[in-house]
Amino acid sequence: MEMRRAGKSGLVLSRLGLGTMTWGRDTDTHEAADQCRAYIEAGGNFFDTSSTYGDGDSERVIGGLIGTLFKRDDVAIATKAGVSFSDGARRVNNSRQSLIADLDRSLSRLETDYVDIWQVHMWDSQTPLDDTLSALDYAYSSGKARYVGLSNFSGWQSARAITIQESNSAKAPIATHQVEYSLLNRIAENEVIECAVETGVGILAWAPLGRGILTGKYRKGIPSDSRAAAPHFVKHVEPYLREDASRITEAVCVAAEGLGFAPLEVALAWVRDTPGITSAIVGARTGAQLRGILKSEEIVLPEIVRNVLNEISA
């Protein structure tokens, strides 16, 4: 698998990252291990998780695989902090105290002394940004995080954070910014990607398959084994079960048929090869499904197909 440098940092990641949001909940340890094997065998080195995924179970599963399926130094593990769920309601707390406590719990669950990328999960309007960034400085200077990053910040929010960190060589430089990006959601083009390119920050794209819609499996309804059929996932998929998304999905399917590819390969290649993207993060329900996704590494979209998809999804 092709490796890419994250912006101007020294961090090198495979251009497809493995998302683990379902690990420990919908994906059991055995299935997670199967996915891990397939991904490592394909040359991948980047695992993405969060303290909130499966209430920490995703991190626990990854921790259990270290030393059995891969050596710690052979992979890059990214996690996130600052978000918690209490009584079903999402709470964001990016205070220094809360973030550092989250980091220590993540390291314990991951059974490691450090993470390769530690990210602030989302913007917190109630906490002074300097307080938030001081937690990144602590993690970086202590070695608990090799690199630090942002997640789901807007263009001006990320520019502000990156600029503050660049103002002093003693502060932790922002290496990555993780944002949603696909043919169904190109909002990141409205400043976020441009900001990252101009400041030398690598973009990590999550949901590059439009939360599963761009695989084409929802064209004739909602399959019983799909995420949209799961009560805890339906809210994530429903926003894309709309007419314009259907039109874009059909265009992807037509292009895929003409090229002899699967729709997901076309959709993923489009994101993966967008300028500024360091890695596209993919998730799968099964090892077999992941192996199908990893086949996208073998394809390159003709420029004319990319241009047509650009126009249709604009």
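All of the numbers you see were taken from the coordinates with simple rules; none came from a lab. Note that the coordinates shown come from a computational prediction; the quantities given were computed from them, not determined experimentally. Cβ: placed from backbone, ideal geometry, glycine included. Neighbour counts: every protein chain shown.
Taking the dipole about the Cα centre of region 1-152, with the C-beta of Lys and Arg at +1 and of Asp and Glu at -1, give me whichever of 46, 110, 7 is farthest to the positive side.
After comparing all options, I get 7.
What is the order of 39, 138, 53, fewest Cβ neighbours within 10 Å to most?
Fewest to most other Cβ atoms nearby, the residues stand as 138, 53, 39.
Tell me, 211, 90 in order of fewest to most beta-carbon neighbours within 10 Å?
90, 211
Would you mind checking 80/295; 71/171; 144/295; 8/80 for any pair whose Cα atoms are more than 32 angstrom apart?
144/295
When a/c is below 1.5 the answer is rounded, else prolate if a/b is larger than b/c, else oblate, so apply that to region 263-303 with a ≥ b ≥ c taken from the square roots of the Cα gyration tensor eigenvalues.
In terms of gyration-tensor shape, oblate.
Amide H to amide H under 5 Å from residue 178: which residues, 5+ apart in sequence or cross-chain, H placed 1.01 Å off N in plane?
Residues meeting the amide H criterion: 150, 151, 152, 204.
Charges at C-beta only: +1 for Lys and Arg, -1 for Asp and Glu. How large is the resulting dipole of the chain about its Cα centre, in Debye rounded to 20?
It works out to roughly 200 debye.
Just name one of 281, 241, 145: the one whose Cα is farthest towards the positive end of the charge dipole of the chain (beta-carbon charges, Lys/Arg +1, Asp/Glu -1).
241
For region 1-122, just say rounded, prolate or oblate: build the C-alpha gyration tensor, square-root its eigenvalues into a ≥ b ≥ c, call rounded for a/c under 1.5, and beyond that prolate if a/b exceeds b/c, oblate if not.
Oblate is the answer for region 1-122, as a/c is 1.5 or above yet b/c matches or exceeds a/b.
Based on other C-beta atoms within 10 Å, arrange 115, 179, 300, 12 from fewest to most.
Fewest to most other Cβ atoms nearby, the residues stand as 300, 12, 179, 115.
Per residue of region 113-123, what does 6.51 cos²θ - 1.76 cosθ + 1.60 with θ = phi - 60° give for ³J(HN,Hα)? Whole Hz please, x for Gly and Pro, Karplus curve as stated.
8, 8, 10, 7, 9, 10, 10, 7, 5, 6, 5
Compute the Cα gyration tensor for region 10-49, then decide on rounded, prolate or oblate, letting a ≥ b ≥ c be the square roots of its eigenvalues: rounded whenever a/c is under 1.5, prolate when a/b is larger than b/c in the other cases, and oblate in all that remain.
oblate
I need to check one value: relative contact order of the chain, counting alpha carbon pairs closer than 8 Å and at least 6 residues apart, in percent.
Once normalised by length, the contact order is 19 percent.
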